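The values are calculated or read from the model by the stated rules, or taken from the named source; none is laboratory data. As the structure is a prediction and not an experimental result, all values here were calculated from the model. Neighbour counts run over all protein chains shown; Cβ positions are idealised from the backbone, glycine included.
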Amino acid sequence: MDIKSDLADAVGNTPLIRLKAASEATGCEILGKCEFLNPGQSVKDRAALWMIRDAVARGALKPGGTIVEGTAGNTGIGLALVGASMGFKTVIVIPETQSQEKKDMLRLAGAELVQVPAVPYRNPNNYVRYSERLAAKLAETTPEGVLWANQFDNIANRQSHIDSTGPEIWDQTEGRVNGFICAVGTGGTLAGTGMALQPKGVKIGIADPDGSALFDYYTKGELASSGNSITEGIGQGRVTANLEGFTPDMAYNIPDSEALPLVFDLLRDEGLCLGGSSGVNLAGAIRMAREMGPGHTIVTILCDYGTRYQSKLFNPAFLKDKGLPVPGWLGDGPASIP
Ligand code: PMP
């Protein structure tokens with residue numbers, strides 16, 4: 001029998017799919033790791049599971065305990081679903097300006113939502129700082145323990161990719177992988193998978209969207225950024241604890257104009273319904289393939305499921321408003337979406 005003991009047990013071991021158009025265009029094997037097929041539909045299920053397991057192992061979280069995080073996205077969904085399956089409650093602190101879609105999704109995943117004003121990090125009511133204080137306060141009355149997940153600087157996040165994503169890619173390609181590339185939000189996926197594969201001779205690249213400071217950091221040594229991106233969950237202005245001690249071999253700056261057409265093509269031509277960060281990753285894989293030359297095997301991450309972005313990335317009015325091209329097949333879009 002092949003039976004998982006719970007939802008947490010179903011995290012990871014995602015398939016690796018050959019991306020046809022990109023492979024044919026470059027003469028390389030470009031492969032996508034299907035993280036959108038995790039139970040919470042994103043790569044962040046792995047980090048969520050490892051951060052929870054780490055807290056349980058440290059004795060910080062006991063059955064009935066509570067997980068707290070300041071996040072607007074996939075990590076919250078992962079923590080809530082994986083947490084519920086392991087018997088924990090989840091409280092997510094979110095800036096009130098986030099879309100209704102995201103708030104609904106987090107509630108649906110079972111999280112309790114605390115909404116705070118959208119203010120910068122230096123303000124004590126910033127959602128991340130608020131979540132840290134809330135966790136400390138809840139801990140006073142929760143004998144089962146409270147975990148403040150702190151995904152940016154909690155290295156159990158990257159450990160999930162050192163232990164699972166990296167070795168899975170190595171085994172699935174039977175050691176034939178030559179390159180791995182992805183974008184950075186917390187840096188857990190890039191640094192963790194990189195730390196697992198770089199010592200085996202795999203070249204590691206970062207695909208950095210506009211508005212992120214890491215391309216400049218890895219190419220010129222200074223944290224500087226310009227422009228912006230409609231992609232979500234990626235882009236970083238500092239070297240997080242998850243990135244510390246890891247250096248990619250290659251770095252590419254990827255504008256939305258290069259990434260988004262790839263997302264639309266993957267949906268229309270290859271049946272892959274993905275969010276914008278997967279487009280940045282694929283654009284990076286194509287650039288890496290061109291730099292390395294034909295005949296190489298390059299793996300990237302297909303981060304999350306596209307339904308999460310219906311009101312933005314897949315909404316013609318939103319794209320037009322941002323001055324971005326609307327793919328023909330998207331037509332005028334669903335009438336109910338503003
Ligand atoms: N893509 C999406 C859609 C995400 O939500 C995230 C996580 N913030 C990432 C990519 C980047 O992953 P990481 O945090 O491991 O750098």
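Some points to look at:
- Spans of helices (runs of 4 or more DSSP H) in segment 141-199 with at least 1 residues within 17 Å of V299 (Cα to Cα), in contact (Cβ under 8 Å) with a residue 24 or more places away in the chain and in contact with a helix residue (DSSP H, G or I) (Cβ under 6 Å, 6 or more places away or on another chain): 166-172, 188-197
- Residue within segment 81-89 that is touching a residue at least 12 places away in the same chain (Cβ under 8 Å), surrounded by fewer than 22 Cβ atoms within 10 Å (Cβ to Cβ), in the same structural domain as Y121 (by the TED database) and assigned to a strand (DSSP E or B) present: yes
- Residues of segment 1-23 that are surrounded by fewer than 19 Cβ atoms within 10 Å (Cβ to Cβ), among the aliphatic types (A, V, I, L, M) and either part of a helix (DSSP H, G or I) or free of Cβ contacts under 8 Å to residues at least 60 places away in the same chain (or both): M1, I3, L7, A10, A21.
- Criterion violated by I77 - all others in (1) free of Cβ contacts under 8 Å to residues at least 60 places away in the same chain; (2) over 17 Å from G185 (Cα atoms); (3) out of contact with any Phe, Trp or Tyr (no Cβ under 7 Å at 6 or more places or on another chain); (4) not basic (K, R) satisfied: (2)
- Evaluated against (1) in contact with a Pro (Cβ under 9 Å, 6 or more places away or on another chain); (2) within 15 Å of the ligand (Cβ to nearest atom), R268 falls short on exactly one condition, (2).
- Contact map, segment 206-217: first residue under 19 Å from I298 (Cβ atoms), second residue basic (K, R), Cβ cut-off under 9 Å, separation 6 or more or different chains; pairs are A207/R287.
- Counted residues, segment 154-191 - those being within 17 Å of I52 (Cα to Cα) and not polar (S, T, N, Q): 7
- Members of segment 134-148 found to be surrounded by fewer than 18 Cβ atoms within 10 Å (Cβ to Cβ) and either of a type in the set (S, T, Y) or under 25 Å from the mean Cα position of the chain (by Cα) (or both), listed by number: T141, T142
- Residues in segment 24-60 that are within 16 Å of the ligand (Cβ to nearest atom), surrounded by fewer than 22 Cβ atoms within 10 Å (Cβ to Cβ) and not in a helix (DSSP H, G or I): C34, P39.
- Leading residue by the ranking (modelled with the highest pLDDT) among those in segment 216-250 that are within 18 Å of the chain's Cα centre (by Cα) and small (G, A, S): A241
- Selected residue (only one of G73, G78, G166, G87 is in contact with a Pro (Cβ under 9 Å, 6 or more places away or on another chain) and within 13 Å of the ligand (Cβ to nearest atom)): G78
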